[in-house]
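Some notes on the structure that comes next.
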Amino acid sequence: SIVLATFLENEKVSISVVLGHAVQEVEILKEGDDEMKQRLSCIFAPEESKTYSPEELEKRKNNLKTWLETNHIPVTEQGESGRTLCVAGVLTVDPPYGPEECSSSNEIILSRVQGLIQGYLEKQQ
């Protein structure tokens, strides 16, 4: 699939999605410059999003893992670098370890663990 962003007047943006099966050919007419990259990043990366250093990510992961274990929730580390947390074998949490980074095919477990992590993060602040 392809996402098309059209910049309109008054700093408004129109977003269109062309589904992959409808795409016949892609031709790059002009590479995006730094200004365009900045405009696109403002659309797709929320202002709240923050970049974390590897040390901060490791600390966040370890703190969340410890908190889950303290609350008797089984959690393991996955992946080559152990960056992904696996909760009860059915849900994963990727960096930076917030509710938005949870993934599971079981919607009930996903919702409950996201709620737990949200509560945990609110108590940390």
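The values are calculated or read from the model by the stated rules, or taken from the named source; none is laboratory data. Predicted model only: the values in this text are computed from it and were never measured. Because the Cβ atoms are built from the backbone with ideal geometry, glycine has one as well, and the counts that use them run over all protein chains shown. Side chains included, ligands, DNA and RNA excluded: accessible areas come from the protein's heavy atoms. Shrake-Rupley method; radii C 1.70, N 1.55, O 1.52, S 1.80 Å.
What the table below lists for this structure:
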item	result
Volume per residue of the C-alpha convex hull in the stretch 1-46, rounded to whole Å³	91 Å³
Electrostatic dipole magnitude of the chain [Cβ: Lys, Arg +1; Asp, Glu -1; Cα centre; debye, to 20]	520 debye
Inverse of mean 1/r across different Cα pairs in the stretch 5-125, Kirkwood, Å	17.5 Å
Under 15 Å, Cβ to Cβ, from Arg83 - net charge with Lys/Arg +1 and Asp/Glu -1	-3
Accessible area of the chain divided out per residue, in Å², using a probe of 1.4 angstrom	78 Å²
Too-long pairs where the Cα-Cα distance tops 26 Å, listed order kept, from Lys12/Lys37; Lys12/Lys123; Lys59/Lys123; Lys37/Lys61	Lys12/Lys123; Lys37/Lys61
Shape box of the stretch 76-119 [Cα atoms, principal axes, largest first, Å]	28, 18, 13
Rg and Dmax of the stretch 12-73, Cα atoms only, in Å	19.8, 55
Selected from Pro96, Gln114, Ser81, residue furthest toward positive end of dipole (the stretch 26-125; charges at beta carbon)	Gln114
Accessible-area composition of the chain, carbon plus sulfur, in percent [1.4 Å probe]	50 percent
